[in-house]
Structure formats: C-alpha cells, structure tokens
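Here's the structure, in structure tokens; my notes come after.
The values are calculated or read from the model by the stated rules, or taken from the named source; none is laboratory data. Model, not experiment: these values are computed from the prediction. Ideal geometry is used to build each Cβ from the backbone, glycine not excepted, and the neighbour counts take in all protein chains shown.
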Amino acid sequence: VRVGILISGRGSNMASLVDASMAADSPYRVVRVLSNVEDAGGLAIATAAGVPIWARSHKGLKRAEFDALIDAELRAADVELVALAGYMRLLSPEFIAGWEGRILNIHPSLLPLYKGLDTHARAIAAGDAEAGCSVHVVTPELDDGPVIAQARVAIRPGDTPGSLADRVLVEEHKLYATALADYARRLR
Ligand code: GRF
C-alpha cells in the first residue's frame, strides 16, 4: 500500500513510520512526505531516508485551495493511504471526502478525551491517572472518527506536560507503526 505522510514539524512519528516500512514484511511503503511548513524539521529526515518530499506554505491560500494542491500531489504519486503525523492544520471537508476511510491520524490523548491542543497539560490538570495516544480514522470533525488503536501511559506524581509528552511520544511511535501496518493490510 502506497502511503503519503503529512507533517508540519519535527516529524518523529513520520520517521518511525518510515523506519517500520523498511521491514521486509511491511504492507506499506512511504512514497511521499508533504508539509505545509517549508522548513519543517521532518523534511530533512525524509530526504535522508530517500523519501521524496513536497513542501509549500499554505499562507495566502484558502484552505480548500491549499488542500487541492496536496490532493493533486498525493494522486500524482499514486498514494492510496494518507497518514497525518503532527500535521497542524485542519483539512477541508472536500479533501476528506475525497479520501474517505483513507486518512489516519495520531493524537496524543486517550480519545475521546482531550481533542485539540495541550492534551498533556489538560490530563494533568484534571488529575487523571493515565494519559496516552490514539490512532483514528479522520472524519471532518477535529480529532474525531473511529479510534483503531490506543496505548496508555501512567501519569506520575510530579509529571509536567513535557515529561508526560516524552513518555507518550515513545508509545506514539510504536502504536502508529503497528496501527498503520494493520490498516494497510486490511486495505490490500
Ligand atoms: C505528536 O505528539 C502528535 O501526536 C501530535 O503532534 C506531535 C507531533 O510530533 N499531533 P512529531 O512531529 O511526530 O515529532
């Protein structure tokens, strides 16, 4: 299954998906990494791994216009499945409709808890015993759509949003690679 990954930043989840795709029995291959941030750190990682990149700022374009550019690039690369990995922009309903059931996202909370930003600070402030991460199918509502995999992480006394984020991120990398492979196997 040909996968395109959308990023906006450092790309550690993208890197882990690319790494996992190198396994001989991987059901997916990352054929493009796309970014709405032209100097996103993850782009250099993708290039070093031999994955072609596409980067263009969304600034000055309407959301649907920018998403149409992404859509065209994905289709030109014969992408079959899209993985959002720290892609910090809402996708337009038109784009999502064109990829129904073929966009996955990773979110750093135990969805349906804490959609949106600052998930770790909110989990700590609520006094939760655990935090975690979720992989879900993308639908037009932010961080909504069927959850296909979750991992849990205990919140420790004295945890800060940063210390908790570090431990959750380790689980994100493992969870996303497994969930994407499982999903790709079902598409194939
Ligand atoms: C991750 O925590 C992801 O769950 C969230 O943003 C962060 C992106 O990190 N949506 P990276 O770019 O994958 O390193």
key: Odd one out for THR47, checked against (1) without any contact (Cβ under 8 Å) to a residue 24 or more places away in the chain; (2) within 14 Å of the ligand (Cβ to nearest atom); (3) of a type in the set (Ser, Thr, Tyr)   = (2)
request  = Determine whether the range 39-47 contains at least one residue that is at pLDDT 95 or above, on the phi < 0 side of the Ramachandran plot, touching a helix residue (DSSP H, G or I) at 6+ places or on another chain (Cβ under 6 Å) and outside any loop (DSSP other than H, G, I, E, B).
outcome  = yes
request  = Filter the range 1-15 down to the residues that are small (Gly, Ala, Ser) and surrounded by 20 or more Cβ atoms within 10 Å (Cβ to Cβ), then identify the one that is nearest to LEU43 (Cα to Cα).
outcome  = GLY11
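Checking the condition over 20 Å from ALA177 (Cα atoms), surrounded by fewer than 21 Cβ atoms within 10 Å (Cβ to Cβ) and either more than 16 Å from the ligand (Cβ to nearest atom) or polar (S, T, N, Q) (or both), which residue from ASP25, ASP39, ASP78 passes? Spell out how you get there, then give the answer.
Working: ASP25 fails: over 20 Å from ALA177 (Cα atoms); ASP39 fails: either more than 16 Å from the ligand (Cβ to nearest atom) or polar (S, T, N, Q) (or both).
When all the criteria are applied, what remains is ASP78.
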ask   = Is the range 165-182 home to any residue that is assigned to a loop (DSSP other than H, G, I, E, B) and away from the ligand (no atom under 11 Å from the Cβ)?
value = no
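How many residues does the range 120-159 contain that are of a type in the set (Ser, Thr, Tyr) and assigned to a loop (DSSP other than H, G, I, E, B)? Talk me through it step by step, then tell me what you get.
Initially, the range 120-159 is screened for residues of a type in the set (Ser, Thr, Tyr), giving 134, 139.
Filter once more, so that each one left must be assigned to a loop (DSSP other than H, G, I, E, B): 139.
Matching residues across the range 120-159 total 1.
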query = Which number in (1) within 16 Å of the ligand (Cβ to nearest atom); (2) closer than 24 Å to GLY4 by Cβ; (3) in a loop (DSSP other than H, G, I, E, B) marks the one condition that SER109 misses?
reply = (2)
key: Check on ALA64, assigned to a helix (DSSP H, G or I), surrounded by 15 or more Cβ atoms within 10 Å (Cβ to Cβ) and not charged (D, E, K, R)   = no
